[in-house]
Structures are given as C-alpha cells and as structure tokens.
Amino acid sequence: MPELPEVETIRGQLGKEIIGRKLDGQKIVGVRRRAKILMIDFSDGSSLIFHLKLTGQLIFNGQPSKYTRHIFKFDDGSQLVFNDMRKFGWWKKVQDTKEIEKAFGPEALEISLGTLKNLLKKRPDAKIKPLLMDQKLIAGIGNIYSDEILFASKVQPLRRVKTLHTKEVELIWRNIKKILQAAIKYHGTSERSYVDAYGQKGSFLKRLKVYQREGKKCFRCPGTIKRIKIGSRSAHFCPRCQKL
C-alpha cells in the first residue's frame, strides 16, 4: 500500500503539473496530502480526494489500461488516469476536507519529540509496530516504513511501549523523519504496483534493510532477517540486533 513517501511523491509531481489547470470548469489551486490521502483543491473551495489503498495509481497523461477506473480530463486536453487493479482505492468530491483531516493524528514528518512521547505514554501496553501504523495516532507510516524505522532504531517490533527507554524513543523519532525523507528522495518504494505520477517506479526498494528480506543476512550484524505476524500484518526484523 502506498504510504506517506509514495503519496508525497505523487503530490509534489502533480502540484507541478496540474495547478492552474481546470477540471470540469473549476480551476485547480492546490495539491495537498494528509496521511496517505491526496487532495486536489479547487478555486470554489471544494476538493477531489483520493485514497490509493493497495494498488491505486494516479498517472498524469497516462495511457488507459484494463485496470483504469476513471480518467479525469482537464480543460486543456491533458488528463489524470486513475488505475486500480484490486479496486480498493477510492475518490470523491467534497466541499470541505476538515472532517477528513481530523480523523488522523499528527503528520509523521512534523511530529515533535514531545508529542510522540505523550502519545506513547497513553498506550503503555501497546506493541510498538502496530502503534506506529495507527493512523489516528501518527499519520502516514505503514508496514514498510515501520519495519525500517524500528530496524534503524534497534527496536524489536513486538516491544511494549512501556519497555522503551528514553533514548530508544528519541531514536525512533529521529528515524521516522530520516527514513521517510530518504524514501521521498528516491520517489518511494515500488514493491508491487506503485508508480509515481509519471508512471515511474520508486527506487527505495533496493535500499530497504529488513522489509521483505526474510531469510537474508542482516546488513548490520551476522544475524538473519525474520518475519513474524502481528495481527493481520507482518513484521520483518533481525532477532540478533533487535532483541525483545
């Protein structure tokens, strides 16, 4: 599923291409992201919002395929193609985005260390991996980047929040920003169907340290990457340098 870096990549690219164009007679004045949701703002105050879910793609001037669910045609003849193989993604036009934005916690790239500490204090018995992915607490982190953040911080995904030391929390906070920013730099992770707004794959996949590396040697120690299930999701980690 596209996470913050993938949606942010698309936001930045579409911002360069479609701001100033018109869709159904309405001028586009902005392109924003909140958590994993993309928002296209119009001059009348309304917005077109998208959630790509598992396999959604938004490609500027893309060519239709058998997975195309909708083509948004701009007044100048250019177009935005929405593809979705699994058909879980959605879009809708809204007059106000405030209620949608309220559903999420602080943005992962903007959260302060103090805010993160306060959020963790409220969930002492929670396991750290699912907590990082809880969009109501922290917006934008999913399965891929939670694994990478915890590996960089040497924190095991099953650790309870109350067992984390102050320095470990600080490391998690730093690595949230560091890893998400690096993934944006490389236009995200194309594990399966994700492509950017120009139909190109992101190149962060080859820079992943643990995600989808089950059975492979750890980059940091002689250990072997392990995969476990936490609820309905998976977690990848090195049991040698991420001890429970």
Against the definition (among the small types (Gly, Ala, Ser), over 11 Å from the mean Cα position of the chain (by Cα) and over 20 Å from Lys201 (Cβ atoms)), how does Gly62 come out, yes or no?
no
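For the range 207-234, how many residues meet the condition of being surrounded by fewer than 17 Cβ atoms within 10 Å (Cβ to Cβ), among the hydrophobic types (A, V, I, L, M, F, W, C) and assigned to a loop (DSSP other than H, G, I, E, B)?
Number of matching residues: 2.
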Being under 23 Å from Lys185 (Cβ atoms), β-branched (Val, Ile, Thr) and outside the structural domain of Tyr145 (by TED's automatic domain parsing) narrows it down to one of Ile71, Ile59, Ile28, Ile40, so name that one.
Ile59
Given the conditions (1) in contact (Cβ under 8 Å) with a residue 24 or more places away in the chain; (2) more than 30 Å from Thr68 (Cα to Cα), and given that Gly142 satisfies all but one, which numbered condition is not satisfied?
(2)
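Report yes if some residue within the range 133-146 is assigned to a helix (DSSP H, G or I), surrounded by fewer than 16 Cβ atoms within 10 Å (Cβ to Cβ) and in the same structural domain as Ile176 (by TED's automatic domain parsing); otherwise report no.
no
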Checking the structure you have, find out if any residue of the range 88-96 is more than 30 Å from Thr68 (Cα to Cα) and either of a type in the set (A, V, I, L, M, F, W, C) or out of contact with any Pro (no Cβ under 9 Å at 6 or more places or on another chain) (or both).
no
Just to be sure I understand, how many residues within the range 82-108 are surrounded by 12 or more Cβ atoms within 10 Å (Cβ to Cβ) and in a strand (DSSP E or B)?
8
Of all residues in the range 152-195 being touching a strand residue (DSSP E or B) at 6+ places or on another chain (Cβ under 9 Å) and among the small types (Gly, Ala, Ser), which is nearest to Lys87 (Cα to Cα)?
Ser193
Evaluate the following for Ile40: is it under 30 Å from Leu205 (Cα atoms) and assigned to a helix (DSSP H, G or I)?
no
Test Leu180 against the criterion of being in a loop (DSSP other than H, G, I, E, B) and among the hydrophobic types (A, V, I, L, M, F, W, C), and give yes or no.
no
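The values are calculated or read from the model by the stated rules, or taken from the named source; none is laboratory data. These numbers were taken from a predicted model, which means no experiment stands behind them. In this analysis, Cβ positions are derived from the backbone assuming ideal geometry, glycine residues included, and neighbour counts consider all displayed protein chains.
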